[in-house]
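Written out below as structure tokens is the structure these notes cover.
Just so it is clear, none of the values below were taken in a lab; they were calculated from the coordinates. Remember, predicted model here, so these are calculated numbers, not experimental data. Note that each Cβ is placed from the backbone with ideal geometry, even for glycine, and that neighbours are counted across all protein chains shown.
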Amino acid sequence: MSKGREKTITQTLLKQVICPHCWNEFPPEEILWVAAHSDLTGDPLLGNDAQQRFLPSRFNVQGKALDIKGVACSKLACPQCHLLIPRQLLEMEPFFISILGAPGSGKSYFLAAMTWKLRSILSNQFGLSFGDADPEANQLLIDYEEELFLNNNEDKLVALRKTELEGGELYETVNYGSGRTVQYPKPFVFPIQPEPGHQYGVHSRRLARALCLYDNAGEHFLPGNETANRPVQHLAVSRVLLFLFDPTQHPKFRNACKGQSQDPQMVDNVWSNRQDLIFQEAANRIRNYKGLPAHEKDDRPLVVVVTKYDAWCSLASGKPLKEEWATSPANPPYFGLNLKQLRNISRQIRDIVLKYAPEMVSAVEGFSSDVIYVPASAQGQAPELIEESGYLGIRPKDIKSMWIEIPMLYALHRSVPGLISTVKSEEAKKKAASSVNKDQTGKDQHSSPSQPRIFRDSGT
Ligand SMILES: Nc1nc2c(ncn2[C@@H]2O[C@H](COP(=O)(O)OP(=O)(O)O)[C@@H](O)[C@H]2O)c(=O)[nH]1
Ligand SMILES: [Mg+2]
Ligand SMILES: [Zn+2]
């Protein structure tokens with residue numbers, strides 16, 4: 001490689017790379033390459049079928065390593081676990097987000113609907129580019145998106161297949177020898193970067209992040225289901241935690257929605273998990289891993305996504321969630337997040353959860369000092385029974401996701417200042433002033449004209 005080329009490459013590399021599988025930190029020059037020639041198979045950690053990993057000594061003019069058969073390679077791998085690392089992780093800081101929730105709480109639908117939505121709005125509304133680091137590695141999510149949002153047969157009921165507990169789809173197995181086998185949760189990696197029109201477009205490199213998402217099989221957090229070979233570092237290193245709370249799994253929510261919702265999950269008790277215990281189990285593992293004493297709270301943002309809003313909306317306003325409650329035009333032509341309104345809605349949703357599932361509020365607030373409650377719905381509609389399979393399914397044409405992107409916009413805003421704008425209009429300032437006045441008169445500071453009660457008081 002020429003001196004000049006070497007310089008431009010190293011200038012754009014991070015000093016330390018973090019592996020999104022095993023969280024090992026290493027300098028970029030230690031990265032392994034994956035042999036491209038089909039004869040070069042067999043890896044001590046990944047088995048006989050895996051392509052060999054190697055530290056290269058020869059490169060072609062494009063800077064690609066050559067394997068011992070002389071074929072140019074393009075895939076990279078971690079020096080510790082040997083799993084594939086998308087190239088963007090050498091250049092962009094990673095941003096880990098763990099998605100946690102009971103089995104059946106809607107994680108797979110949430111992830112698919114969220115990434116689908118982010119693909120269409122991040123560039124248009126927020127001036128951010130967003131794509132797959134490696135479409136092959138994100139294939140499971142891409143399949144989900146296609147099934148729900150690009151389906152040729154929009155009238156036919158579809159159901160996302162259940163991600164299995166031990167299955168290879170969400171976990172990758174590495175065999176370190178001497179009987180030590182570790183199952184790492186699979187990351188879905190999406191580079192996010194300000195486009196030239198973004199208000200901080202000139203700082204694009206500094207603000208760019210490689211978003212690494214993990215869909216945790218909730219079963220692993222059922223009490224008693226702990227094993228040492230399934231690490232939870234991703235929960236500990238995540239900058240933001242997303243916990244999906246599903247009211248349809250809660251007997252008191254189901255009772256309160258009787259006659260108001262035809263959703264089979266509300267009527268028939270399809271899923272039923274003690275979600276507070278699942279959260280507590282995950283929280284305990286995080287505490288152990290981080291060495292966080294029991295009396296201290298975790299200070300990272302914790303977003304409690306209250307899922308399947310369509311099924312329990314009768315306890316709130318009964319109305320669909322409107323986009324303009326959470327985002328509105330900020331720096332034209334772009335949008336911003338209306339934090340004030342988001343916090344206002346969070347308080348109202350918290351009231352509802354507190355009324356029917358106080359143990360959930362106490363579990364999350366006992367762990368984190370920074371909790372926000374965000375309602376969302378991936379489907380926007382109740383699923384129906386598919387006679388042939390016995391699964392619950394939805395017709396693609398009926399899907400109307402609500403607020404599915406808001407938890408992630410909030411998470412990005414909280415963790416990478418400047419990436420997502422917030423609404424600071426003249427009107428918002430005026431409204432803020434009027435709400436201060438109200439405070440001084442001793443009236444309820446949460447129900448000023450600037451903070452309309454979108455949802456009814458719980459119980460009315
Ligand atoms: N009513 C309603 N049901 C949903 C929604 N999202 C998912 N579901 C249903 O919840 C069930 C479990 O969803 P899934 O994403 O597989 O849960 P996971 O086990 O957490 O990944 C499925 O039967 C879905 O049809 C939603 O927004 N509204
Ligand atoms: Mg799932
Ligand atoms: Zn690794």
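Listed values, structure above:
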read-out: Rounded to whole Hz, the Karplus (6.51, -1.76, 1.60) HN-Hα couplings of segment 253-268, x for glycine and proline; value: 5, 4, 4, 5, 9, 4, x, 9, 9, 8, 4, x, 5, 7, 7, 10
read-out: Estimated vicinal HN-Hα couplings, Hz - segment 82-94 in sequence order (Karplus 6.51, -1.76, 1.60; Gly, Pro = x); value: 6, 7, 5, 10, x, 3, 4, 6, 7, 10, 10, 4, x
read-out: Long-range amide H partners of V158 with built H, under 5 Å; value: I394, R395
read-out: Interchain or long-range residues, amide H under 5 Å from V374's placed H; value: V304, V305, V306
read-out: Gyration tensor (alpha-carbon) shape descriptor, segment 73-156, a/c threshold 1.5; value: prolate
read-out: Gained length - E323 relative to Q16, 0.36 nm times residue gap less alpha-carbon distance; value: 106.6 nm
read-out: Percent of beta bridges antiparallel (DSSP, segment 280-413, rounded to nearest 5); value: 50 percent
read-out: Any cysteine of the chain lacking a neighbouring Cys Cβ under 4.7 Å - listed by number; value: C73, C212, C257, C313
read-out: FRET efficiency estimate (nearest 0.05) - Cβ-Cβ, K355 to N288, R0 35 angstrom; value: 0.60
read-out: Prolate/oblate/rounded label for segment 325-387 (Cα gyration tensor, a/c 1.5); value: oblate
read-out: Other-chain or far-sequence residues with amide H under 5 Å of T327's (modelled H); value: N338
read-out: Ranked list, fewest to most other Cβ atoms within 10 Å of each Cβ, for W312, W23, W33; value: W23, W33, W312
read-out: Cross-link pairs K319/K340; K107/K340; K297/K340; K186/K258; K308/K424 - those with Cα-Cα distance over 32 Å; value: K186/K258
read-out: Signed unit charges on C-beta, dipole axis of segment 251-345, positive-most listed residue V267, N284, C257; value: N284
read-out: Among V61, C73, P375 the positive-end extreme of the charge dipole of the chain (Cβ point charges); value: P375
read-out: Computed [θ] at 222 nm, helices only, for the chain once each DSSP H run of length n ≥ 4 contributes -39500 (n - 2.57); value: -8500 deg cm²/dmol
read-out: Two-site label geometry, D39 and E93: point separation in nm, points 7 Å out along Cα→Cβ; value: 4.6 nm
read-out: Rounded if a/c under 1.5, otherwise prolate or oblate - segment 14-85, Cα gyration tensor axes; value: oblate
read-out: Derived scalar couplings ³J(HN,Hα) [segment 27-36; Karplus, 6.51 cos²θ - 1.76 cosθ + 1.60; whole Hz; x for Gly, Pro]; value: x, x, 5, 8, 4, 8, 9, 9, 4, 9
read-out: Residue order, fewest to most surrounding Cβ atoms within 10 angstrom, among D263, D39; value: D39, D263
read-out: Scattering profile of the chain at q = 0.06, 0.07 Å⁻¹ [log10 I(q)/I(0), Debye over alpha-carbon scatterers]; value: -0.29, -0.39
read-out: Crossing angle, helix 339-356 versus the chain [Cα axis fit, 0-90 degrees, rounded to tens]; value: 70 degrees
read-out: Check: the chain dipole with +1 on Lys, Arg Cβ and -1 on Asp, Glu Cβ, in debye; value: 1600 debye
read-out: Residues K252 and T173, FRET efficiency given R0 of 51 Å [Cβ-Cβ distance, rounded to 0.05]; value: 0.80
read-out: Label-to-label distance, nm, for residues given as E195 and Q139 (7 Å Cα→Cβ offset); value: 3.0 nm
read-out: Bridge type composition, the chain - antiparallel percent by DSSP, nearest 5; value: 55 percent
